[in-house]
1. Only one of these conditions is not met by Thr524: (1) assigned to a strand (DSSP E or B); (2) out of contact with any Lys or Arg (no Cβ under 6 Å at 6 or more places or on another chain); (3) polar (S, T, N, Q). Which number is it?
2. Quick one: in the stretch 376-389, which of the residues that are at pLDDT below 75 and in a helix (DSSP H, G or I) is farthest from Pro262 (Cα to Cα)?
3. Quick check on Gly565: is it touching a residue at least 40 places away in the same chain (Cβ under 8 Å), on the phi > 0 side of the Ramachandran plot and assigned by TED's automatic domain parsing to the domain that holds Tyr527?
4. Looking only at the stretch 618-629, decide whether some residue is in contact with a Cys (Cβ under 9 Å, 6 or more places away or on another chain) and within 17 Å of Leu755 (Cβ to Cβ).
5. Given the criteria buried (at least 22 other Cβ atoms within 10 Å of the Cβ) and touching a residue at least 24 places away in the same chain (Cβ under 8 Å), does Phe426 qualify?
6. Please find, within the stretch 502-551, the residue that is nearest to Leu755 (Cα to Cα) out of those that are small (Gly, Ala, Ser) and touching a residue at least 40 places away in the same chain (Cβ under 8 Å).
7. Would you be able to say whether some residue in the stretch 475-489 is modelled with pLDDT under 95 and either out of contact with any helix residue (DSSP H, G or I) (no Cβ under 8 Å at 6 or more places or on another chain) or of a type in the set (Lys, Arg) (or both)?
8. Give the residue that is surrounded by the fewest Cβ atoms within 10 Å (Cβ to Cβ), with candidates limited to residues of the stretch 73-130 that are of a type in the set (A, V, I, L, M) and outside any helix (DSSP H, G or I).
Amino acid sequence: MSNTDTIVILIAFAAYLVLMIVIGAIYMKNTNNSEDYFLGGRGLSGWVAALSAQASDMSGWLLMGLPGTVYALGTGQSWIAIGLFLGTVCNWVFISSRLRKYTIRANNSLTLPAYFENRFRDKRRVLLLVSSIVIVIFFLVYTASALSAGGKLFNSVFGVDYHVALAIGAAVILIYTFMGGFMAVCVTDFIQGSLMLVGLLVVPIAAYFMVGADQVKPILDQSGVVGGASAYLSLFRNGDRSYTAVEIISQLAWGLGYCGMPHILTRFMAVKNQKELRKSRVIAIIWVTISLAAAVAIGIIGRVYLFPTILGTEGNASTESVFIEMITKMFTKDTNLPFVGGIFLCGILAAIMSTADSQLLVTASSVSKDIYKDILKPESDEKKVLKVSRFTVLVVALLAFLIAWDPNNSIMGLVSNAWAGLGSAFGPIVVMSLFWRRTNFAGAVAGIVSGGSAVLIWDYLPLVHGQTLGSATGLYSLVAGFALSILCIVIFSLCTKKPSQEILAEFDEVKTGKSKKSMNYLLTIEYEGTRYEGWQRQKKTTQTIQGKLEQVLSRMTEKEIEIDGAGRTDAGVHAKNQTASVHLAKKWDPKEILQYMNQYLPEDICVKSVEPVSERFHARLWAEGKCYSYRIGTDEQKSVFDRKFRYHLGEALDVEAMRRAAQDLVGTHDFKTFCGNPKMKKSTVRTITDIVIEESEHEIRIVYTGNGFLQYMVRILTGTLIEVGQHRRDADSMPELLERMERKFAGVTAPAEGLCLERVFYSKK
């Protein structure tokens, strides 16, 4: 490859890497809490979820490891691909929907360890800790495999020292994952998944036609494949012998790992809704079918296309570089299109990065959310958790970098071990927790510990004449670990106390999608109205109190939710005890609703209480009265701390005159004069039971209690009373004003910031 070609390819790489970093920077602005960072606010579209899940799954081994092993040993190695295809289909068809529903139902679990804890009501946090440790151990190895693949890519293409190349790839992945969190990872994965698919299709098809269909077998024979071309192309031959049952089972067993991959399962948890999830399912299955078939084809066609060069011999590149070598030869020597070649090489980089970023994020979530936030520092706020998350990403990347330091590490070997460990530890308990009602806490702990431990023992301890059990039997550790984990889950669950009725009811509810009955709830809400356009939902803006509450409730229930408020506060008006009622299709624990809403509502809105009420209850129709307060600042200087919550008048008022005027307003009257809506068609008669005017140093507070209030009524009454206090209006003029029945005769409308809804009154609920 010429220097010019190298420079052009380098430009393509640089453009791609810059794009990934820009995406990270964009999404950093929208990452404000842990749900945003770890699940993107559960807002993934079908396309993004599908390609992100598959891209993060298929890593560098799809474009390097799998083609490399097929290149070296033949078509029989595609049993791994068949197993992965079956695993993908089963995962999307049987696991995805139910897991998404269950994680929401189980206290809105954001991570797989949190799901286990909430699913089995583990108050001692044993599951959380054990699961997090397993994730950290095996994902370090998994991430290392991706970084190693990146190092080999840069080394093969540019001749850059492996360790320098390793550092470059790690740095880019680290930057956009660190900044943008889950959404940055998913959007970049979407781009990467698309790029991978194009590269996987174009290169082997183009190479096949360049070689010619009639030349494939003759060239394979010339290349010295073991057993000849016929054996090489046979699905049931492993070189010069037949595949054993153990070998086929071991390769098919790769599909079992899907059930326990946290970086894949989080995509199911993050999809926007069930409709988008169904779309994702179809897209993902099509993508994986094409990709796996193409990866196998690369290994076979590459053997022919690159001949007489035989990779892995005589100082040539390793067999895992077959795709890289094909792209380099095709676009620099055969077609002279180096920039296009650079784009396709970016497809390999995409495969590497799409997995490494997801693994970094999952590991960070386990450490920061599950260990730091939930176990060590429960009192820490969202900003602190985000800081710890980003610091964890740095540390994990560094450790994975050190593991990947040895250039002789096999990508396939590293992936195989990590895949087995995660699949055995989590796969069985994910399946059993979703489909076996009797599964309990003891079974869950036993399943995770036995599955993860079995893989470590199987792969690393020389127990048979100096050999590991894996080497001695030829059986993939995932088979042994998965089977042992299932067995332990069943035995320990049956030998210990059955799950509580609460857990069983939750299981049945997720399974059927139905609860025993719907429920009506009364919410008591506190909010600072400064930056909102009032209570009522509006088409032109999302900045309303009702809109924010409905948004969070809809996300929680996965249904469009409408709430009924006790009344409409104006733009800029506050509330200490606003009330609203909401019907939910199924019964929820009030504490669960409270926790969820306060976790995801803006910081200036808070749900103070949630309580079940009668099915007939309606927050507005059943309200018997309300109490409002209005604060007026009379000090010369405006208070910085109170500026949002009181109207700064800046002058003293005649409070006694105001009290005399107020007494004439108490009682049942037609308050049309004090109504801000001149087109009001309904009755404007209201009853004010009390008006209390309190004076303290530098402040006057007016408290209104009545059976209801018209639009702007309290603020117009206040503006009128202020004019009385300023001696601009006679204290005895209120009866006359009431009789006028026209808004223009009343005082000004006092500013919104001083008004607060104190309480709504009900005799029964």
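The values are calculated or read from the model by the stated rules, or taken from the named source; none is laboratory data. For clarity, every value in this text was computed on a predicted model and none was experimentally measured. Virtual Cβ from ideal backbone geometry, glycine too; neighbours counted across all protein chains shown.
1. For Thr524, the failing item is (2).
2. Per the stated criteria, the residue is Lys383.
3. Judged against the criteria, Gly565 is not a match.
4. Yes, the stretch 618-629 has at least one match.
5. yes
6. Filtering the stretch 502-551 for residues that are small (Gly, Ala, Ser) and touching a residue at least 40 places away in the same chain (Cβ under 8 Å), the one nearest to Leu755 (Cα to Cα) comes out as Gly529.
7. No, the conditions are met nowhere in the stretch 475-489.
8. Among those residues, the one meeting the criterion is Ala106.
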